[in-house]
Structure formats: structure tokens, C-alpha cells
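Below: the structure, in C-alpha cells.
The values are calculated or read from the model by the stated rules, or taken from the named source; none is laboratory data. Since the structure is predicted, the reported quantities are computational estimates derived from the model, not experimental observations. Ideal geometry is used to build each Cβ from the backbone, glycine not excepted, and the neighbour counts take in all protein chains shown. The accessibility values were calculated without ligands, DNA or RNA, using every heavy atom of the protein model including side chains. Shrake-Rupley method; radii C 1.70, N 1.55, O 1.52, S 1.80 Å.
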Amino acid sequence: GAGVSQSPRYKVAKRGQDVALRCDPISGHVSLFWYQQALGQGPEFLTYFQNEAQLDKSGLPSDRFFAERPEGSVSTLKIQRTQQEDSAVYLCASSPPLRGGGREQFFGPGTRLTVL
Amino acid sequence: GDSVTQMEGPVTLSEEAFLTINCTYTATGYPSLFWYVQYPGEGLQLLLKATKADDKGSNKGFEATYRKETTSFHLEKGSVQVSDSAVYFCAPGGATNKLIFGTGTLLAVQP
């Protein structure tokens, strides 16, 4: 079946431009996560949605970062006034509606953002 | 806050050698523990998991045991293959089930 998809796969932006990254989770997955992965590092948590509610945005690095999931399905991560330090791979993951811990997160291929 | 310390790479082994990648964590409560793998040119995928103390996760010949007393979740495989070459990430599940990733360990298996 279809996995998590992300678009665009690659994005080059000039410093100061706004970008929008899209995530299509697996159908029926309630939880959706965004992570940022710098080169040579592990992914770092940005934000978490349960359906349309953003329950945790503690990992967003600044107020230039904004995420939404208005209908509880597709999510968009927006970065305003991009800076060179925003260059990274942005990963989206979704997980099914199971109680408790141990829920596997299914990852998309990521969007590689390069800010010049 | 929650954190994870993972064995630094790269780890270079010959085919059929024994593999251990160490992982220790600090977390509130008793998180679920995961190992994810990233093969060259592919996305992150779950390798194995354990949800409570003394649980052993296993998959594709890899194993890891949830050790609460040492807060560890070391990854092992008895005989590695060239196809196991990848980056391996240890990740406890923190509050709200977000994953706390280590820096990753690059494994290179030579024929």
C-alpha cells in the first residue's frame, strides 16, 4: 500500500524566501510528526499532531517555523524568511491509532532543503 | 530532558563478523525503545522495538534487549552481511511518543 509521501523531494531557496513542505501520511494514521535531520546527524523532533490538533510544538526552532494539519490528514510545514542554518532534510512520519507506547512511526522519504 | 547516547561510527566489519552497537538513554518513565535503519538512498525504517523491561526485539537476525537497570538497548547480530551496510539509529520514544534519535552509527560490511 501507499506509504508516507512528501513533496517536493528537493527544494532550493534563496535566503529570506518562504517555503512550504507537504506531507501526505498513510491513510487512517492519526498521529503525524515532523523531524529535522541535519547532515550527519540523527533526526530531531519538531512538532506532533493528533488528528488536526497540534499537541506538541516544542521542537520548532523559531517562530519562523509553522506547521498545520487543518483536516487531520495532509500536513504542511512552512518556514518563513529561510536562513542557511535551515538547510536540512525534513522528515514526516505517521503512526496508527493504537493505545499506549510502542507505536511504529512510518517515515516518508524527506524533503531536502538547501538555502543559498 | 530525554536523550540517547549511541556508539560512534563508522563501524567496519568483515562479512560474518559479530556486531554490537551500544545504545544508552535517559528518559522519564519507561519509554518504548526502537532501532531504526537507513539503507543507502532509502528512508528510515523500523528495524525492531521493545516496549517494556526485559523485552527482546528481533528482526532480520538483529536483536536488542530492553535493560531497565542499565538504561541500555544494545543492538546485536551474530553474522553480518554486506547488505546490512547502513546507518543505524537508536531511539527511545519520549512523551507524546515522539522519537529521540541518537546521532546514528554507520556500519560498513566488507566482503
Members of the stretch B:35-71 that are closer than 30 Å to A:R112 by Cα, open to solvent by less than 80 Å² (accessible area, probe 1.4 Å), part of a loop (DSSP other than H, G, I, E, B) and not hydroxyl-bearing (S, T, Y)
B:G43, B:L44
Unmet requirement for A:G40, which otherwise passes all of (1) under 14 Å from A:A93 (Cα atoms); (2) within 13 Å of another protein chain (Cβ to nearest Cβ); (3) exposed (fewer than 15 other Cβ atoms within 10 Å of the Cβ):
(1)
Residues in the stretch A:67-116 that are open to solvent by 50 Å² or more (accessible area, probe 1.4 Å) and basic (K, R): how many?
4
Are any residues in the stretch B:2-21 of a type in the set (A, V, I, L, M, F, W, C) and either open to solvent by 40 Å² or more (accessible area, probe 1.4 Å) or over 27 Å from A:S58 (Cα atoms) (or both), and if so, which ones?
B:M7, B:V11, B:L13, B:A17, B:F18, B:L19, B:I21
Please note which strands (runs of 3 or more DSSP E) are completely contained in the stretch A:1-41 and include at least 1 residues that are under 18 Å from A:Q105 (Cβ atoms) and aliphatic (A, V, I, L, M).
A:19-24, A:31-37
Tell me whether the stretch B:60-73 contains one or more residues that are within 23 Å of A:Y90 (Cα to Cα) and not acidic (D, E).
no
